[in-house]
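First comes the structure, then the notes that go with it.
The values are calculated or read from the model by the stated rules, or taken from the named source; none is laboratory data. Keep in mind the model is a prediction, meaning the values are calculated, not measured. With ideal geometry, Cβ positions are generated from the backbone for all residues, glycine too; neighbour counts draw on all protein chains shown. These accessible areas exclude ligands, DNA and RNA; they are computed on the full protein's heavy atoms, side chains included. Shrake-Rupley method; radii C 1.70, N 1.55, O 1.52, S 1.80 Å.
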Amino acid sequence: ERTVIMDLKIINNDQSLAPFRGDLEARMHNLENTRKRILKDGETLKEFANGHMFFGFHRTDDGWYYREWAPAAEAMYLTGDFNFWNRRSHPMKAIGNGVWEIFLPGRDALKHGQKIGCIVVHNGQDLDRIPSYAKYVVQDPKDISWSAVIHAPEEKFQWSDSKFKPAKDLFIYECHIGMAQEEGRVSTYAQFEKYTLPRIKDLGYNTIQIMAVMEHPYYGSFGYQVCNFFAASSKFGTPEDLKHLINTAHKMGIAVLLDVVHSHCAPNTREGLNMFDGTVYQYFHDGAKGDHTAWGTKCFNYGKTEVIHFLLTNLKFWMDEYHFDGFRFDGVTSMLYLDHGLGVAFTGPDKYFSMNTDTDAVTYLQLAAQLVKEVNPNAILIAEDMSAMPGMCLPIEEGGIGFDYRLSMGLPDMWIRLLKEKSDEWWDFNQIYFELANRRPHEKVIGYVESHDQALVGDKTLMMRLADAEMYWGMHKDYRSLTMDRAMALHKMLRLLTMSLGGEGYLTFMGNEFGHPEWIDFPREGNGWSYHYCRRQWSLADNPDLKYQYLNAFDKDMVAMAKKHKVISGQDKQLLVHNSDNVLAYKKGGATFVFNFDPTRCYDGYLVPMAEEGDYEVILTTDDYCYGGFGRIWHQTYTATKQPDGRIGFQVYLPQRSAMVLKKLPKAKKTEK
C-alpha cells in the first residue's frame, strides 16, 4: 500500500520542482516498494548485502564450499589445478533458486594460489567461466587467458585503522596505480604506497580516489570495462598489497575512495558476467536495452532483485574487505536515463522526470546510498552525473537520492570553451562567477579544473592548452615569453578560483597540479604498445631548474591556505565583478580573494571592496617569485575603511594576470593603563 507523502523538502528548497511532485513521490514509493520486495521482515540492507559471504569460495573446518547463481544452467562443474582441469570430475548440485553448490571435503582440498574455474552447461554446450565472486583473477602471460585464483593466505591481514575518519573538507587526488611511476611499465600498489602516497601527503590532499582497481582485462579501458567485480586488479599486485596501501593511507590521514563501476559491464563472456549462465538477461537487460552502443558494454537490469543483491553486495565487500571510505560512482548519468543522457541538453526540470528516466536505476542508487551509510556513516559518496539530477545530493528522507557530492563536470568544460573560443580580455566574469558558485539548493559539488578526462589523448591538459608546443622548450626557469608567462599565470589563477568558489570539495588528477606536459595514452596497437605516455614524470616537478616546481609549490600552498581558512566549506559573498576591468573579488570562508585577469593592464590604487572594516593581510599571491611570478604584490596589511561612496574597502596595486588572498586580522585588544 502506497504511503501518501504530504511534504517533500526538495520541493521546499526548489519551487521549480513543484510541477513534478508526482514524479518525486513516485521516486520515494519506488524505493519503499523495492525495499519491501527485496528485504525479509526486519532485515536491513546491511544484512541483505552479504552475498560475498555465501557465494564464491569459502573454507570451513571440514572443507570448501563453492556456490554460484546460474539460473539458466543445465549443469555446472568445478575445475582447476586441484583436479588437473578435469571437466567432469566435480559436478555441482542445484540447491534451488538457480543456485549451484559443491562441497570439497578437507581443509586442503583447495589451496592458496591454485587456479580455478567453472563450467556452465547451457543448451547442451560447455561454457568456460570465471566464478562471478572471484576475489583474485590473473592473466596467463603465455596465452593471455584469465583464471580465478584461490586466495586464502594463512595469515589474515592485520588492520590498524579502526579510529580513522575522513576529513570533512575534501581535497581529492584522483589517481591511477598503474601509471603512477615514471618508468615505462605498470606500477604496483606497493610502489604507489612507497613513492606516490608521500607526495600526496606533502601536497596536503586528504583523500585519494583510485581508478581501475576492479579487475578489467583491457588495460586501456582506464578500468571502466570491469569483468570481475570482486577482484582487486592483479595488474598492480595482490589483495594484501592493496590493503597495505589503504592502511598506510589511513595512517597518513588520507581517506581512500574506490572509483566504482556499476553503470555498465564489459561484454566479455569467458572472463566476465555477460552470458554467464548462457543467457544475456541473467544480469543485464535483454535486447537493445541491454547494450550501451556508445561504450560497447552491457547495461545492468537494476529492477531485478538478484542484480540489486549482487551490486549492493559488491559495495559492502569493498568496504568490509578493503576498508574503502566510500565511492565515486562512475557513469551515473548513463544509469539515470534510458538513452544514457547521450546528446541531451538538460535545460529544464522536465528532462529529469520523463519516460526517459530509468526509475529502477534511481531506486538502485538510493539503495546504494542507504547501504553505504549503514555500513559506515562517515563514508563518502560522489556521483559522476553531468545532468545534475535534482536531489542527487540530498538526503533520501527529503526526496533525494542520498549521495554526498556530485562532480561539477561543467566547470572544466567551461574553462576549455573559454580558452578555445574567447580571448582573455573578453571573458564574462558575471557568467563565470555564476557557473562557479551556482548549485542546486543544499546540494554539494566537487569542483575541479581538470580530471583524467581532460588529460586523455585526443584532449589537452590545461597547461598544454595554455602553452601548447612551447611547453616543450619553455619550462626552464630562465625562459620567458608572453605565451609561457600567460600559461604560468592562468594555470595558478584558474585553480585558485575553481578551488575556492567551485565546490564544497576540490579535485585534481595526478600530476596535473604541477602542469604535467603529456597526455595519457595507454599502450595500444596505434602507439606500438608503448607506455611512454602512460606514466607520470615526477622528475619534472623535482627538477630545481624547471617551472614545474613553481606550479607544484603553489598547489601545495593553495591547499594549505584553503584548509587553514575553511575556504571550500564556507559561504561565498560576492564583493566585486567588473567585466571591463576583468577584476573580481569575493569572500569565501575565512579568506578574501581578489583577481585581475586583464592580460595587459595593471591597476594602481584600485578600490577593492571588503565585507567589513578592519585590517587585512595578504597571505597568498599567484605572483610570488617562489611560484614563478614577478613579485609585484607585497605581503602587507591593508586597512578597510568606509569610502566616500559608502563602500568599505581599500586601495591596492593589482598587477595584470594575478590574484591575491587576504585574511582579516583580529582586532587588537585594548590594554589598560
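For the pair residue 183 and residue 634, what calculated FRET efficiency results from E = 1/(1 + (r/R0)^6), where r is the Cβ-Cβ distance and R0 = 60 Å, to the nearest 0.05? That pair, residue 634 with residue 183, gives E of 0.85. Between the alpha-carbon centres of segment 277-301 and segment 447-494 there is a gap of 41 Å. Per-residue Karplus couplings for segment 95-105, computed as 6.51 cos²θ - 1.76 cosθ + 1.60 with θ equal to phi - 60°, are listed in order as 10, x, 6, x, 9, 10, 9, 9, 10, 10, x Hz, Gly and Pro entered as x.
Taking the longest Cα principal axis of the chain as reference, the axis of helix 410-421 is set at about 60 degrees. Report summary: the helix-based calculation at 222 nm, which adds -39500 (n - 2.57) for every DSSP H run with n ≥ 4 and divides by the residues of the chain, gives -7000 deg cm²/dmol. For a paramagnetic label modelled on residue 417 (point 7 Å from Cα along Cα→Cβ), amide N atoms under 20 Å away belong, within segment 436-479, to 436-441, 445-455, 459-463, 465-466.
Lys and Arg at +1, Asp and Glu at -1: add these up for the other residues within a Cβ distance under 13 Å of residue 15 and post the number.
Result for the local shell: +2.
Dipole size of segment 413-486 about its Cα centre, with +1 on Lys/Arg Cβ and -1 on Asp/Glu Cβ: approximately 160 debye, rounded to the nearest 20. Distance between the pseudo-spin-label points of residue 613 and residue 202 (7 Å out from Cα toward the beta carbon): 4.7 nm.
The distance from the alpha carbon centre of segment 628-644 to that of segment 128-150 is 63 Å, rounded to a whole number. The angle between the Cα long axis of helix 21-38 and the main principal axis of the chain comes to about 40°, on a 0 to 90 degree scale. Stretched out straight at 0.36 nm per residue, the stretch from residue 533 to residue 356 would grow longer than its current Cα-Cα span by 59.8 nm.
Among the GluC sites (Glu not before Pro) found in segment 111-214, those both in a DSSP coil and sparsely packed, with 12 or fewer other Cβ atoms within 10 Å of their Cβ, are 154, 155, 183. Neighbours of residue 397 by Cβ distance under 13 Å: Lys/Arg scored +1, Asp/Glu scored -1, total 0. Amide H contacts for residue 456 (H built 1.01 Å from N in the peptide plane; partners 5 or more residues away or on another chain; cut-off under 5 Å): 520. Seen against the Cα atoms of the chain and their longest principal axis, helix 548-564 is set at about 90 degrees.
In sequence order, segment 655-663 has phi-based couplings of x, 5, 6, 8, 9, 10, 10, 10, 10 Hz under the Karplus curve 6.51 cos²θ - 1.76 cosθ + 1.60, θ = phi - 60°, and Gly or Pro positions carry x. Close amide H partners of residue 92, meaning residues 5 or more places away or on another chain with modelled amide H under 5 Å apart, are 76, 77, 78.
Could you provide, to the nearest whole Å², the per residue accessible area of segment 419-463 with probe 1.4 Å?
48 Å²
Let a ≥ b ≥ c be the square roots of the eigenvalues of the Cα gyration tensor of segment 550-613; is it rounded (a/c under 1.5), or, if not, prolate (a/b larger than b/c) or oblate?
It is oblate, given that a/c is not under 1.5 and a/b is not larger than b/c.
For residue 112 and residue 486, what is the calculated FRET efficiency with R₀ set at 51 Å and r taken between the beta-carbons, to the nearest 0.05?
0.30
When the trypsin sites (Lys or Arg not before Pro) in segment 62-97 are filtered for DSSP coil states and for at most 11 other beta-carbon atoms within 10 Å of their beta-carbon, the remaining sites are 88. At an R0 of 51 angstrom, the distance between the Cβ atoms of residue 47 and residue 581 translates into a FRET efficiency of 0.25.
Modelled spin labels at residue 270 and residue 473, positioned 7 Å past Cα toward Cβ, are 5.1 nm from each other. Applying a threshold of 22 Å to the alpha-carbon distances of 422/460; 168/444; 46/135; 422/563; 135/235 flags 422/563 as lying beyond it.
Note on surface exposure: 472, 322 rank 472, 322 by accessible area, highest first, 1.4 Å probe. Electrostatic tally near residue 82: other residues with Cβ closer than 14 Å to its Cβ, Lys and Arg +1, Asp and Glu -1, net +3. Overall, the accessible surface of segment 206-259 at a probe of 1.4 angstrom is composed of carbon and sulfur to the extent of 54 percent. Protection proxy ranking, highest mean first, for peptides 360-372, 240-252, 106-118: 360-372, 240-252, 106-118, where packing is the per-residue count of other beta-carbon atoms within 10 Å, averaged.
Surface calculation, 1.4 Å probe, protein heavy atoms: residue 103 sits at approximately 80 Å² accessible. Across 339, 7, 424, the residue with the most accessible area heads the list, and the full order at a 1.4 Å probe is 7, 339, 424. Among the trypsin sites (Lys or Arg not before Pro) in segment 359-447, those located in a DSSP loop and surrounded by at most 11 other Cβ atoms within 10 Å of their own Cβ are 422. Ligands, DNA and RNA aside, residue 159 has an accessible area near 70 Å² when probed at 1.4 Å. Determine the distance separating the Cα centre of segment 3-61 from the Cα centre of segment 315-363; give it in Å without decimals. Between the Cα centres of segment 3-61 and segment 315-363 lies a distance of 15 Å. In this structure segment 559-648 gives 45 Å² per residue of accessible area when probed at 1.4 Å with all protein chains present.
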